[in-house]
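Student: Please find one structure pasted underneath; my questions will follow.
Nothing in this text is a laboratory measurement; each read-out follows from the coordinates by a stated rule. In this text, all values refer to a predicted model and were calculated from it rather than measured experimentally. In this analysis, Cβ positions are derived from the backbone assuming ideal geometry, glycine residues included, and neighbour counts consider all displayed protein chains.
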Amino acid sequence: MNFATWPTLLVVDVEGNGTNPPDLVEVAALPMRDGEPDTSTAGAWLIRPPRPVTPAPPAFTA
């Protein structure tokens, strides 16, 4: 597979505070260039939610 032909992509991850509905508490972004992560321009930002972060995330159920 020739990654050099891939367009530039942006991988984004978001985290919530465990409330329902969740408030955004963190955003991370990682550019992908030529199929490789570009860590020189990656970033992560903490965001202050309007409600407190819960002490433990709720149990995950599928």
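Student: Suppose R0 equals 25 Å. What FRET efficiency, 1/(1 + (r/R0)^6) with r the Cβ-Cβ distance, do Val27 and Ala4 give to the nearest 0.05?
Tutor: For Val27 and Ala4, the calculated efficiency is 0.30.
Student: Under the Kirkwood approximation applied to all pairs of distinct alpha-carbon atoms, what is the hydrodynamic radius of the chain in Å?
Tutor: 13.8 Å is the Kirkwood radius here.
Student: To the nearest 20 debye, what is the magnitude of the charge dipole of the stretch 1-46 about its Cα centre, counting +1 on the Cβ of each Lys and Arg and -1 on the Cβ of each Asp and Glu?
Tutor: For the stretch 1-46, the charge dipole is close to 120 debye.
Student: Short version: ³J(HN,Hα) in whole Hz for each residue of the stretch 33-41, in order, from phi by Karplus 6.51 cos²θ - 1.76 cosθ + 1.60 (θ = phi - 60°), x for Gly and Pro, what are they?
Tutor: 10, 6, x, 10, x, 9, 5, 5, 10
Student: What order do you get for 46-53, 19-26, 2-9 when each peptide is scored by the mean count of other beta carbon atoms within 10 Å, highest first?
Tutor: Output ranking for 46-53, 19-26, 2-9: 19-26, 46-53, 2-9.
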